[in-house]
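Asks: Got a structure here, written out as structure tokens. Questions coming.
Taken together, the values in this text are just the output of simple stated rules run on the coordinates, not laboratory data. Since the model is a prediction, treat every value here as computed from it, not as a measurement. Glycine gets a Cβ as well: all are built from the backbone with ideal geometry, and neighbour counts include every protein chain shown.
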Amino acid sequence: MSDTLPPCPNCSSEYTYQMDALLVCPECGHEWNAVSESEETAEAVIKDAVGNILQDGDTVSITKTMKVKGAQSALKAGTKVRNIRLVQGTGDHDIAAKVDGFGQMELKSSIVKKI
Ligand SMILES: [Zn+2]
């Protein structure tokens, strides 16, 4: 948390102060939520193998053929995976998706590329 509070969005006063989760303007009495945009953008960003930012619902392709535990065949490079979901998976798995022929599974963002 920085010492610099944002100015009042109502009257641009710089004398705002914080009260619990609210910011308060002493000049016009405006109160608003202290959760700033900078805190939201500080959330972990998940990127694919080449640095594209991934989002829920993206379609990606697998960049590296890999074995899948319990599956008959390997997950091949170039396999398309639709409608990914960003998750806090086990280990460094950060994507969940349904993969054709494999079903629901977790993937690492480092081995996918956004299409
Ligand atoms: Zn104000």
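Asks: Can you tell which of Leu75, Leu54, Leu23 shows the greatest fluctuation in a Gaussian network model of the chain with Cα springs below 10 Å?
Replies: For the chain, modelled as a Gaussian network with Cα springs under 10 Å, the answer is Leu23.
Asks: Want the number for Ile53 to Trp32: 0.36 nm per residue separation, take away the alpha-carbon distance, what's left?
Replies: 4.5 nm
Asks: Would you look at the GNM of the chain, springs on alpha carbons closer than 10 Å, and say which of Gln72, Gln55, Gln18 moves the most?
Replies: Gln18
Asks: With point charges of +1 on the Cβ of Lys and Arg and -1 on the Cβ of Asp and Glu, referenced to the Cα centre of the chain, which listed residue (Gly89, Met66, Ile53) lies farthest in the positive direction of the dipole?
Replies: Of Gly89, Met66, Ile53, it is Met66.
Asks: Among Asn33, Pro6, Leu107, whose Cα sits farthest toward the positive end of the charge dipole of the chain (+1 at Cβ of Lys/Arg, -1 at Cβ of Asp/Glu, about the Cα centre)?
Replies: Leu107
Asks: In a shell of Cβ-Cβ distance under 11 Å around Asp92, excluding Asp92 itself, what net charge do Lys and Arg (+1) and Asp and Glu (-1) give?
Replies: Summing Lys/Arg as +1 and Asp/Glu as -1 gives -1.
Asks: For region 12-28, in order, what is each residue's ³J(HN,Hα) by Karplus, 6.51 cos²θ - 1.76 cosθ + 1.60 with θ = phi - 60°, in whole Hz (x at glycine and Pro)?
Replies: 6, 5, 8, 8, 5, 9, 9, 9, 6, 8, 10, 9, 10, 9, x, 8, 10
Asks: For a quick check, take a GNM of the chain with Cα springs below 10 Å and name the residue from Lys69, Lys47, Lys98 with the largest mean-square fluctuation.
Replies: Among Lys69, Lys47, Lys98, the largest GNM mean-square fluctuation belongs to Lys69.
Asks: What does the net charge come to around Thr59 if you take all other residues with beta carbon closer than 15 Å to its beta carbon, with K and R at +1 and D and E at -1?
Replies: On the way: positive: Lys80, Arg82, Arg85, Lys98, Lys113, Lys114; negative: Asp48, Asp56, Asp58, Asp100.
In short, +2.
Asks: Label-point separation (nm) for Lys69 and Ser110, each offset 7 Å from Cα along Cα-to-Cβ?
Replies: 1.7 nm
Asks: To continue, here is another question. Return one quarter of the surface area of the convex hull spanned by the alpha-carbon atoms of the chain, equal to its mean projected area, in nm².
Replies: Values: hull surface 39.1 nm².
Hull-based average projected area comes out at 9.8 nm².
Asks: Quick one: putting +1 on the C-beta of Lys and Arg, -1 on the C-beta of Asp and Glu, what dipole do you get for the chain around its Cα centre, in Debye to the nearest 20? All intermediate terms of the calculation are to be shown ahead of the outcome.
Replies: Values: 12 positive and 16 negative charges, 311 e Å.
Taking the Cα centre of the chain as origin, the dipole is about 1500 debye.
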